[in-house]
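In what follows, a structure is listed as structure tokens, so that the remarks can point back to it.
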Amino acid sequence: MSDRPHLVTTRAELAAARAALAGPVVLVPTMGALHAGHERLLGAARTLAGPRGSVVASIFVNPLQFGPNEDLDRYPRTMEADLAMCAREGVRLVFAPSVAEMYPGGQPEVTVDPGPVGQVLEGHFRPGFFGGVLTVVLKLLHLTRPAIAVFGQKDAQQLVLVRRMVTDLNLDMVIEPVPTVRDADGLATSSRNRYLSAADRAVALALPRALRAGQARGAEGVAAVLAAAHDVLRAEPALAVDYVAVVDPGTFGPAGPRPALLVAAAKAGKTRLIDNVPVVLAAQAAGPDRLRDAATEGPSADAAHH
């Protein structure tokens, strides 16, 4: 498809446009600066909507999820290119509100508490981040009323928390994950990748290399997975590592007997990157105390700076 999607910028316009959409409606929430990862999300949404359904995309740089020293003001904004991608992927409706439209009373006094999973790993290094994410996602879900909402697996902790919110707050919709998309050099696609200089990108590539190295050692257990990942990261001292951890993909608690996730975050230059890969652990690796600090207590010996 190539028809330009209907662009609305107010809640009133959204309500009118949403009422005219054929179902099922599938939502793809984004902050814009769309890339190949978003293209995959939009394509998955189009498939899920089926020939008669409708895809809605939101484009909103949410100030609630940015800390005081983060990149809110310089976060890339590429609306025309974003709308062109939405057109190519068959999006029917794009909701691109202003901050005042999303938060008409200013900073909201009532927000979503992400609970204990929102305090570890990403939540530890970005205090308040997940509360901001879940608050805006909840608002978008209420405003668009989708049957399905699509989220990327690269933001694995976010995915767990959104699913938990939908379950705990009895929202009548399905959250559908879409696998991570990588550039040819292995770096997971991200809107922030455009910040990377050539030198920074070379440094950043140590992150996916480390995850692949850890993934390959899954049969030897958690300690071997983490050791292999840290060995690669230590070889690239210019990469500032926040954490590396092995977690259960459904809960972000300690990994159990099913496939786990090896998750990591690091900064190349001034650009912070997150990534994860699935890991099949040895049966004897399920549930050791070794995982507890890394997965539930924030950074530790298994989820630390190196």
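The values are calculated or read from the model by the stated rules, or taken from the named source; none is laboratory data. Computed from a prediction, not measured in an experiment: that's the story for all the values here. Cβ coordinates were reconstructed from backbone atoms using ideal geometry, including for glycine residues, and neighbour counts include every protein chain displayed. The protein model used for the area step is the full one, side chains on, heavy atoms only, and it has no ligands, DNA or RNA in it. Shrake-Rupley method; radii C 1.70, N 1.55, O 1.52, S 1.80 Å.
What the table shows:
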| quantity | calculated |
| --- | --- |
| Flag for ALA16 being in contact with a Ser or Thr (Cβ under 6 Å, 6 or more places away or on another chain) and over 30 Å from ASP275 (Cβ atoms) | no |
| Residues (within 25 Å of the chain's Cα centre (by Cα) and either open to solvent by 20 Å² or more (accessible area, probe 1.4 Å) or at pLDDT below 95 (or both)) located in the range 19-31 | PRO24, PRO29, MET31 |
| Inter-residue pairs, beta-carbon under 9 Å, first under 16 Å from TYR243 (Cβ atoms) and open to solvent by less than 30 Å² (accessible area, probe 1.4 Å) and in the range 112-124, second at pLDDT below 95 and β-branched (Val, Ile, Thr), 6+ apart | VAL120/THR296 |
| Subset tally (residues that are over 14 Å from PHE130 (Cβ atoms) and either in a loop (DSSP other than H, G, I, E, B) or open to solvent by 50 Å² or more (accessible area, probe 1.4 Å) (or both)) for the range 59-69 | 4 |
| Sole residue being under 24 Å from LEU159 (Cβ atoms), without any contact (Cβ under 8 Å) to a residue 60 or more places away in the chain and assigned to a helix (DSSP H, G or I), chosen from ALA210, ALA202, ALA224, ALA228 | ALA210 |
| Restricting the range 254-273 to residues that are assigned to a loop (DSSP other than H, G, I, E, B) and open to solvent by 10 Å² or more (accessible area, probe 1.4 Å), the residue that is nearest to PRO177 (Cα to Cα) | PRO259 |
| Residue match in the range 189-198 (condition: touching a His at 6+ places or on another chain (Cβ under 9 Å) and open to solvent by 60 Å² or more (accessible area, probe 1.4 Å)) | yes |
| Within the range 70-96, considering residues that are among the hydrophobic types (A, V, I, L, M, F, W, C) and part of a helix (DSSP H, G or I), the one surrounded by the most Cβ atoms within 10 Å (Cβ to Cβ) | CYS86 |
| Only one of LEU161, LEU141 that is part of a helix (DSSP H, G or I) and closer than 27 Å to ARG52 by Cα | LEU141 |
| GLY106 open to solvent by 30 Å² or more (accessible area, probe 1.4 Å), at positive phi and over 18 Å from the mean Cα position of the chain (by Cα) | yes |
| Conditions (1) without any contact (Cβ under 8 Å) to a residue 60 or more places away in the chain; (2) surrounded by fewer than 23 Cβ atoms within 10 Å (Cβ to Cβ); (3) not basic (Lys, Arg): number failed by GLY132 | (1) |
